[in-house]
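Chemist: A single structure is presented below for examination.
The values are calculated or read from the model by the stated rules, or taken from the named source; none is laboratory data. Note that the coordinates shown come from a computational prediction; the quantities given were computed from them, not determined experimentally. Counting neighbours? That spans all protein chains shown, and the Cβs are built from the backbone with ideal geometry, glycine included. To get the accessible areas, we keep the full protein, side chains included, count just its heavy atoms, and leave off ligands, DNA and RNA. Shrake-Rupley method; radii C 1.70, N 1.55, O 1.52, S 1.80 Å.
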Amino acid sequence: MAEHLASIFGTEKDRVNCPFYFKIGACRHGDRCSRLHNRPTISPTLVLANMYQRPDMITPGVDAQGQPIDPEKMQEHFEDFYEDIHEELGKFGEIENLNVCDNLADHMIGNVYVQFREEEQAAAACNALQGRFYSGRPIILEYSPVTDFREATCRQFEENSCNRGGYCNFMHVKQIGRDLRRKLYGHSASRRYHGRSRSRSPPPQRRGHRDRDDYHRDRDDYRRGGGGGGGGRGRGSRHDRYDDGGRRRRGSPPPRRGRSPVRESSEERRAKIEQWNREREAKQ
């Protein structure tokens with residue numbers, strides 16, 4: 001019986017545990033879901049919920065004033081955000097995957113998933129970012145059960161054939177341009193979770209200093225006007241977007257510990273979580 005339960009754990013046949021939470025670390029039913037959400041106590045992957053605030057949050061392709069947004073400006077806004085958080089999260093260890101959801105449903109919009117090489121690195125990032133703010137908004141993060149993004153992403157979206165649009169229940173991962181990918185990951189960079197390097201959006205034109213300054217000014221105006229809490233401050237550096245309430249982290253990131261054991265397969269994780277369920281039931 002135990003082997004059968006372990007074999008169906010996290011699948012549609014499992015009537016106890018939520019398959020969507022197991023696969024993508026999010027569920028549209030939230031705490032009202034009729035199935036269990038087994039939140040891990042440690043994981044190499046963190047999810048920062050609703051962190052990316054796209055300029056067209058209210059209506060896709062339209063800003064808060066009802067004006068259409070240039071797609072190139074949208075891509076620049078996203079890539080600036082991506083580079084910003086990659087730099088900040090990279091202080092805690094080597095990043096294997098950094099994915100931002102392009103979905104529109106409330107439980108997935110703007111979700112940022114970061115997968116570190118070691119669980120200790122994810123733990124250091126989780127502890128350091130608790131209680132901090134980004135662009136005036138609190139950072140809400142937790143460990144995620146997702147370790148294989150191939151199971152979490154929508155393959156139809158990658159092929160431009162998903163008919164559910166932004167309300168699909170699987171991840172629609174927003175792509176960065178080729179130039180930024182090479183800058184952050186090197187010339188051999190590719191989407192590590194599925195091994196493809198195809199970008200859905202064409203790489204943006206190289207911007208001159210004046211264009212970049214104008215863009216940053218527009219972006220900061222958007223953040224202050226959109227509830228970002230800028231409070232009329234000057235532009236400042238990108239590190240000023242992170243606010244820890246006066247408890248700024250000093251010094252270098254924590255030293256790298258010994259490597260974690262080899263990450264488990266889906267079957268091993270199902271067996272371990274099933275064991276946790278049995279122990280919890282025995283204590284009740």
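Chemist: Among what's in the range 116-135 and is over 15 Å from the mean Cα position of the chain (by Cα) and open to solvent by less than 40 Å² (accessible area, probe 1.4 Å), pick the residue that is modelled with the lowest pLDDT.
Modeler: So in the range 116-135, the residues over 15 Å from the mean Cα position of the chain (by Cα) come out as 117-121, 123-124, 127-128, 130-133, 135.
The next check asks that each one be open to solvent by less than 40 Å² (accessible area, probe 1.4 Å); those that pass are 118, 121, 123-124, 128, 132, 135.
Details: E118: 96, Q121: 97, A123: 97, A124: 97, A128: 96, R132: 95, S135: 89.
Across the range 116-135, the extreme among qualifying residues is S135.
Chemist: Take R150 and tell me if it is out of contact with any helix residue (DSSP H, G or I) (no Cβ under 8 Å at 6 or more places or on another chain), at pLDDT below 95 and closer than 21 Å to R54 by Cβ.
Modeler: On the way: out of contact with any helix residue (DSSP H, G or I) (no Cβ under 8 Å at 6 or more places or on another chain): yes; at pLDDT below 95: yes; closer than 21 Å to R54 by Cβ: no.
No; evaluated as a whole, the condition is false for this residue.
Chemist: Of the residues E72, E83, E79, which single one is more than 25 Å from Q130 (Cα to Cα) and at pLDDT 85 or above? Spell out the reasoning first.
Modeler: On the way: E83 fails: more than 25 Å from Q130 (Cα to Cα); E79 fails: more than 25 Å from Q130 (Cα to Cα).
Of the residues listed, the single one that is more than 25 Å from Q130 (Cα to Cα) and at pLDDT 85 or above is E72.
Chemist: Does Q121 meet the test of being assigned to a helix (DSSP H, G or I) and either at positive phi or not charged (D, E, K, R) (or both)?
Modeler: Spelling it out, Q121 is indeed assigned to a helix (DSSP H, G or I) and either at positive phi or not charged (D, E, K, R) (or both).
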